[in-house]
Amino acid sequence: MSNAPPPRRRLLPHPLMSALLLVCWLWLNNTLAPGQIVLGAALAIAIPAFTRRFWPDPLPVHRPGKLLAFGALLLYDIVVANLQVAGLILGPLSRLAPAFVRVPLDLRSDFGATVLASTVTLTPGTISVDIEDDGSGGRVLVVHALRCLDPAALVHSIKDRYERRLMEILE
């Protein structure tokens, strides 16, 4: 018996990702020109095929409805954080309070920890620096924040807004 995926899965290992990539390509180019459709389709097939080994198969999404709600929350947070960072950059330097914060992770899977780190990085004003072992068998996400007046509040925010929701979706 062979463990090779069926031919359809080899060409489109993640069909929803391919569809999303095609839609995003056409949206960003603001055209439905045949050449852009062909180029977008080629990218939508090639990118998931080349990155297939980085994705768990099957994707461990247990609650797709909660994934949509998480996406909406993340989009809202990105817009709000962009406005806050713009205010910080345009204001006096004294308003900046950069800090590194260590967020203990309850997520067990590597994929979940990667999604959380990516989520934090997508939100302007914060960036994931590393995922470290905490010395007792757990992991810690190291985050740099552009303005962090209360490290405990930032840890609580990341765990409550993102990690808890990701645990519901992925584990």
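The values are calculated or read from the model by the stated rules, or taken from the named source; none is laboratory data. Note that the coordinates shown come from a computational prediction; the quantities given were computed from them, not determined experimentally. Cβ coordinates were reconstructed from backbone atoms using ideal geometry, including for glycine residues, and neighbour counts include every protein chain displayed. The accessibility values were calculated without ligands, DNA or RNA, using every heavy atom of the protein model including side chains. Shrake-Rupley method; radii C 1.70, N 1.55, O 1.52, S 1.80 Å.
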Which numbered condition L43 fails, given (1) part of a helix (DSSP H, G or I); (2) open to solvent by 50 Å² or more (accessible area, probe 1.4 Å); (3) over 29 Å from A113 (Cα atoms) | (3)
Flag if E163 is touching a residue at least 12 places away in the same chain (Cβ under 8 Å), of a type in the set (D, E) and in contact with a Gly (Cβ under 7 Å, 6 or more places away or on another chain) | no
Kindly indicate whether L88 is open to solvent by less than 80 Å² (accessible area, probe 1.4 Å) and in contact with a strand residue (DSSP E or B) (Cβ under 7 Å, 6 or more places away or on another chain).
-> yes
Determine which single condition M17 fails, assuming it passes every other condition in (1) part of a helix (DSSP H, G or I); (2) open to solvent by less than 50 Å² (accessible area, probe 1.4 Å); (3) modelled with pLDDT of 90 or more.
-> (3)
How many residues of region 139-156 are more than 15 Å from A99 (Cα to Cα) and surrounded by fewer than 16 Cβ atoms within 10 Å (Cβ to Cβ)? The answer is 1
Please give the number of the condition A81 fails out of (1) within 27 Å of P124 (Cβ to Cβ); (2) in contact with a helix residue (DSSP H, G or I) (Cβ under 7 Å, 6 or more places away or on another chain); (3) surrounded by 15 or more Cβ atoms within 10 Å (Cβ to Cβ).
-> (2)
Please report, ordered by residue number, the helices (runs of 4 or more DSSP H) entirely within region 85-171 with at least 3 residues that are closer than 30 Å to H62 by Cα and at pLDDT below 95.
-> 110-122, 164-170
A49 touching a residue at least 12 places away in the same chain (Cβ under 8 Å), closer than 30 Å to C148 by Cα and among the aliphatic types (A, V, I, L, M) = no
